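Below is one structure, written out as structure tokens, with a few remarks after it.
Computed from the coordinates by the stated procedures, all read-outs in this text should not be read as laboratory data. Every value quoted in this text rests on a predicted model; they were computed, and no experiment measured them. Ideal geometry is used to build each Cβ from the backbone, glycine not excepted, and the neighbour counts take in all protein chains shown.
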Amino acid sequence: MAPRALKLGTRRSALARAQSAAVARQLEQLHPGLNVELVGIETRGDRILDTPLSSVEGKEFFTDELDAALLGGAVDFTVHSYKDLSLERSARLLLAAVPRRQQPHDIALFSADVSERLAAGHELIIGSSSPRRAAFVPDFLQRVLPRRAADRRELARVRLVDLRGNVDSRLRRLREPRGSTRHLDGIVLAFAGLARLWADGAGQVLLHELLPALPRMLLPLSQCPAAPAQGALAIECRREDEQTAALLRSIDDAPTRRAVEVERSLLALRGGGCHQRFGATQIELPGVGTLLYQRAASDTGAPLESDSAQLQWTPEQPLDAPKGNVVPWDGSQAAKSSVEPIEAGIARSAQRLKSAAALFVAHRRALPGGDSLQINSAAHIWVPGIDTWQALAARGVWVEGCAEGLGFAALEPMLAEPLLQLPARDHWTVLTRLDAVGGWPACEVIATYRYCDADTAGEADQAPPANATHLYWSSSAQFDRWCALVAPGAQHACGAGKTYEHLRRAGVQNLRAFPQPAHWRQWLGV
């Protein structure tokens, strides 16, 4: 094609320029001969730094000036953080592309001395400008921050305060001297923004200065769903500019566009606006389907329902209604088996934990007990779900994030994010039970416990009946113990993750993965 130059309007912040530069590079690579020039534009939202935007009259704080430049012909297209766009856009503007979304989660970052502050019982002051985060984040952090040794029953105390400014100015608040009025114990940011800065040359230099030694936690969508469209970009051009629109369409990602449309439609039902205490995030999980997390709080900040998000599931493959007489057996409601420690595994893990760089604790039982346990202070510890996270926090262990009960494979894209700088998978250490060791890929896997054989006879009343037509297995050990009792034509189900992989390896044909046992029960109508 003939050489062509386009002007891209962007806010002047380091993050805005980083994400706009990434879009420019992608377009230039896809369209040889195209040259994209960044044009910096200051917005009203960039100038208001001392007041929460939720309390300021008006809207379009980060877009008005960009819109004016685009409609006036000063630039050819603009790049926005999609969550900053209001629900009503000018009819003269075209949403030409929604590129593939970055991870939508929030991330909490803490000052380097946060462990000492927690041990001393001090309240943590966390900065964020979001009413949504103010409604959901403090309660979650109180439950998952490590308990102090003096009183394991005492939850951490967390208070959110208003925080405005660019990403770098917010991060600097964590490095202010202790006692300074500007010092914060933590901040909550969108993970996507930090990831995009890290992918940018200048942004990575900035983060190399500000991020080292800062403890972190990835906030799970099941507890703290993100703002609608968080992690996505919106690329607009003038509606009549068909040539530019055609160029931009080349970077549109249909799954991202679909997810964002759903999230913003839910926001529209609530009236829209940055003042909403509402989170909605839709993700697609291969082999499982579409998961939509949403959670709302009242105007006072009190959760409207439970302490977790509502999860709506759309299966990847449609589920036919059960036929005939349904006789269900729900292994998730069976009594938990007793376990016994594996002394050799505990001794091996005790040595390994002193130097492990990255650790996945597959169950709360897998981490050996005792306050004398020594874990490398620089270790990155991840777990399968919220229950294990809270159990380890009660023992004083710092956990960075979890798989939200969806299996390790669902977590791997996050663990591979360059921003997190985690070791390659073969350098991880996994603590698990004996019968689950074989299901892990190349890494150091240590079995620290096993199910007690003596329990098998005593659990006869928990076993599935011979006429069961539909079964939900809560673990691979449960399946191995009782699969011989099951009729050949029975329908099998389990969660996504290691249990599903185990059943597939065992040759189970009539098998489906469900995000939660409740979805299986809902399908069966029981």
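Within 10 Å of each residue's Cβ, count the other Cβ atoms and sort Ser338, Ser377, Ser476 from fewest upward. Intermediate results must be reported in sequence, preceding the final value.
Values: Ser338 11, Ser377 7, Ser476 23.
Placing the least packed residue first, the sequence is Ser377, Ser338, Ser476.
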Evaluated at 20 °C and 1.002 mPa s, the Stokes-Einstein D of region 382-432 based on the Kirkwood radius over Cα pairs, in µm²/s, stands at 182 µm²/s
So Ala424 and Arg249, fully extended at 0.36 nm per residue minus their Cα-Cα distance, gain in nm 59.5 nm
For Leu38, other-chain or 5+-apart residues with amide H closer than 5 Å (H placed, Pro excluded) are Leu8
Cα-based Debye curve of region 370-503 sampled at q = 0.09, 0.11, 0.14 Å⁻¹ gives log₁₀ I(q)/I(0) of -0.35, -0.51, -0.79
Counted neighbours (other Cβ, 10 Å), sorted fewest up, put Glu123, Glu236, Glu417 in the order Glu123, Glu417, Glu236
Across the chain, qualifying lysine pairs (alpha carbons under 30 Å, at least 8 places apart or different chains) come out at 6
Binned at 5 Å from zero, the C-alpha pair distances of region 240-329 give percents of 3, 10, 14, 15, 15, 13, 12, 9, 5, 3, 1, 1, 0
Mean projected area, convex hull of alpha-carbon positions in region 106-218, reported to one decimal in nm², is 6.8 nm²
Pseudo-spin-label distance Ala68 to Asp307, built 7 Å along Cα→Cβ, given in nm, is 4.8 nm
Expressed as a whole-number percentage, the relative contact order of region 106-218 with C-alpha contacts under 8 angstrom and at least six residues apart is 41 percent
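Plugging the Kirkwood radius over Cα pairs into Stokes-Einstein for the chain, at a temperature of 20 °C and a viscosity of 1.002 mPa s, what D comes out in µm²/s? List each step's numbers first, then the result.
Numbers: Rh = 25.2 Å.
Answer from the Stokes-Einstein relation: 85 µm²/s.
For the residues Arg175, Arg295, what sequence is obtained by ranking on other C-beta atoms within 10 Å, fewest first?
Details: Arg175 16, Arg295 26.
If I rank by nearby Cβ atoms, fewest first, I get Arg175, Arg295.
Per the helix-only calculation at 222 nm, which mean residue ellipticity applies to the chain, given -39500 (n - 2.57) for every DSSP H run of n ≥ 4 and division by its residues, nearest 500 deg cm²/dmol?
Values: 17 runs with 151 residues, N = 526.
After summing the helix terms and dividing by the residues of the chain, the value is -8000 deg cm²/dmol.
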Simple spin-label estimate for Arg175/Ser338, 7 Å along Cα→Cβ, in nm, reads 5.5 nm
